[in-house]
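Comments concern the structure below.
Values in this text are rule-based calculations from the coordinates and carry no lab data. Just so we're clear, the structure is a prediction, and the values are computed from it rather than from any experiment. Cβ sites come from the backbone with ideal geometry, for glycine too, and all protein chains shown count toward neighbours.
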Amino acid sequence: MSLHLKNPLVVFDLETTGTSIANDRIVEYSFVKVGIDGQKEIKTQRINPEMHIPIESSLVHGIYDKDVADAPTFKSVARNLAKWLTGCDLAGFNAIKFDVPILAEEFLRAGVDFDVTHRKLIDAQRIFHMMEKRTLSAAYQFYCNKELKGAHGAEADTLATLEVLEAQVNRYDGQEVTDNMGKKIGVIANDMDTLHQLTFNKIVDLAGRLAYNKDNQVVFNFGKHKGKLVTEVFKQEPSYYDWMMKAEFPLDTKNRLTKIRLEALKG
C-alpha cells in the first residue's frame, strides 16, 4: 500500500556534530521527497559544519573533519534547499524531537525563513513506540524483515525510515491507538493529517522549552519558572528575557519568546 498524500512528503535524516540543538551542526543530510504520484527524489549531501566534529560523534556516523573539509556549508545550500522543501510535509525517525529542530535552527542561522507551522510533521518512531515500543534497526527488521546495513548513515537511515513508515501504515491501518493508561487517542490511517495528529504533540517552540498549559496559554517548560505564564514572568522579572536572549538557547526559542513579549507589550 502506498502512502496517501495531499502534499509531497519529505522523509529525512541528519547526521550532526552532536545532540545540542543550539550549538551543534549538520554534517550530512539525506532527504527523500515522495510526490503525490509516488515518485521519489533523493537529495543527499555532506556539509562542512564550520566546527570540529567530536570523535564521539564521528564514531557513531563515520564522518570525520577531513571528510567534510571541502563540503559546502549549510548557509551556501540553505536557500535552494528551502525552495526544494516548499509545500512539503516532513517525516523522519525521532524527527520531531531532534531532526526538525536542528534543521530549523540551521535555516534560521543562515537567515532563511523555514516555518513548519503549516506543515504536517510525521514521526515514524512515535508510531513504532506507540505500537511496538522499539529502535530503527529493530523496526526495520520487525516491519520489513530486513537487516539495516549502513545504520547511522543518513541515506540508509532515511530510506529505511520510509520503508518502515509504509509498512506501519499497511500493518496498522484502521487500528486503534491507546496511551499507557489504555485511553483511546486515535486510529492509525493512511492519511498524513491523521498521522500528524497522532505523532506530533502541540508545541510552542521546536526545542520544547515552552509549552501550552490546560488553558492553552504559553508557559515555561523548564527551570525555576516551569509551569509559569511567560507573560507573567516577563512582567515580574524583565531581566529573565534578557538572560534567555544571551544564553545558549536555540534561535527558534528566542524568536518565539520575542514574539510573545512584543505581543504582550502591544496589549
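Would you mind working out the magnitude of the charge dipole of the chain relative to its Cα centre, with +1 at each Lys and Arg C-beta and -1 at each Asp and Glu C-beta, to the nearest 20 Debye? Display every interim value, and only then the final one.
Values: 35 positive and 37 negative charges, 174 e Å.
The calculated dipole for the chain is roughly 840 debye.
Would you calculate the convex hull of the Cα atoms in region 108-267 and tell me its volume per residue in Å³? It would help to have the intermediate numbers written out before the result.
Values: hull volume 26.0 nm³, N = 160.
Looking at region 108-267, the number lands at 163 Å³ per residue.
Give the Rg (one decimal place) followed by the Dmax (whole number) of region 190-267, computed from C-alpha coordinates and expressed in Å.
14.0, 48
Among the listed pairs Lys183/Lys226; Lys43/Lys83; Lys33/Lys83, which are separated by more than 18 Å between their Cα atoms?
From Lys183/Lys226; Lys43/Lys83; Lys33/Lys83, over 18 Å: Lys183/Lys226.
Per residue of region 141-148, in order, report the coupling 6.51 cos²θ - 1.76 cosθ + 1.60 (Karplus, θ = phi - 60°) as ³J(HN,Hα) in whole Hz, putting x for Gly and Pro.
5, 5, 8, 10, 6, 9, 8, 7
Taking only Cα atoms and a 10 Å spring cutoff, compute GNM fluctuations for the chain and point out the largest among Asp215, Asp191, Asp173.
Most flexible of the set in this elastic network: Asp215.
Express the C-alpha Rg of region 1-157 as a ratio against the empirical globular expectation 2.2 N^0.38 Å, rounded to two decimals. Could you put the intermediate results ahead of the total?
Working: Rg = 15.5 Å, N = 157, 2.2 N^0.38 = 15.0 Å.
Relative to the rule-of-thumb radius for its length, region 1-157 sits at 1.03.
Give me the distance in nm between label points sitting 7 Å out from Cα along the Cα-to-Cβ direction at Ile185 and Thr258, one decimal.
3.4 nm
On a C-alpha basis, how far is the centre of region 124-203 from the centre of region 1-56 in Å? Whole number, if you could?
18 Å
For an R0 of 51 angstrom, estimate the FRET efficiency from the Cβ-Cβ distance between Trp84 and Asn145 and round to the nearest 0.05.
Values: r = 33 Å, r/R0 = 0.64.
Computed FRET efficiency for Trp84 and Asn145: 0.95.
Report the dimensions of region 74-167 along its three principal axes from the alpha-carbon atoms, largest first, rounded to Å.
42, 26, 19
Which whole-number percentage describes the relative contact order of the chain, with Cα contacts under 8 Å and a sequence gap of 6 or more? Can you show the working numbers first?
Values: 437 pairs, mean separation 47.4, N = 267.
Reported relative contact order: 18 percent.
How much of the pair distance distribution for region 7-93 lies past 21 Å, counting alpha-carbon pairs only, in percent?
Details: 1266 of 3741 pairs.
For region 7-93, the fraction of Cα-Cα distances above 21 Å is 34 percent.
By a straight-distance test (C-alpha under 16 Å), which lysines pair with Lys202 as possible cross-link partners, with residues fewer than eight away in the same chain excluded?
Lys97, Lys120, Lys214
Could you calculate the FRET efficiency of Gln39 with Asn216 from 1/(1 + (r/R0)^6), where r is the beta carbon distance between them and R0 is 45 Å, rounded to 0.05? All intermediate terms of the calculation are to be shown ahead of the outcome.
Numbers: r = 40 Å, r/R0 = 0.88.
So the FRET efficiency works out to roughly 0.70.
Against the empirical 2.2 N^0.38 Å scaling, what ratio does the C-alpha Rg of the chain come to? Don't skip to the answer; put the middle values down first.
On the way: Rg = 19.4 Å, N = 267, 2.2 N^0.38 = 18.4 Å.
The value comes to 1.05.
Run the dipole for region 29-88 about the Cα centre, Lys and Arg Cβ at +1, Asp and Glu Cβ at -1, nothing else charged, and hand back the magnitude in debye, nearest 20.
Working: 8 positive and 7 negative charges, 62 e Å.
For this selection, approximately 300 debye.
Tell me which of Ala156, Asn7, Leu108 sits at the most positive position along the dipole axis of the chain, charges placed on C-beta atoms (Lys, Arg +1; Asp, Glu -1).
Value: Leu108.
Rounded to the nearest 0.05, what FRET efficiency do Ala138 and Lys226 have when you use their Cβ-Cβ distance and R0 = 22 Å?
Numbers: r = 34 Å, r/R0 = 1.53.
The pair Ala138/Lys226 has a calculated efficiency of 0.05.
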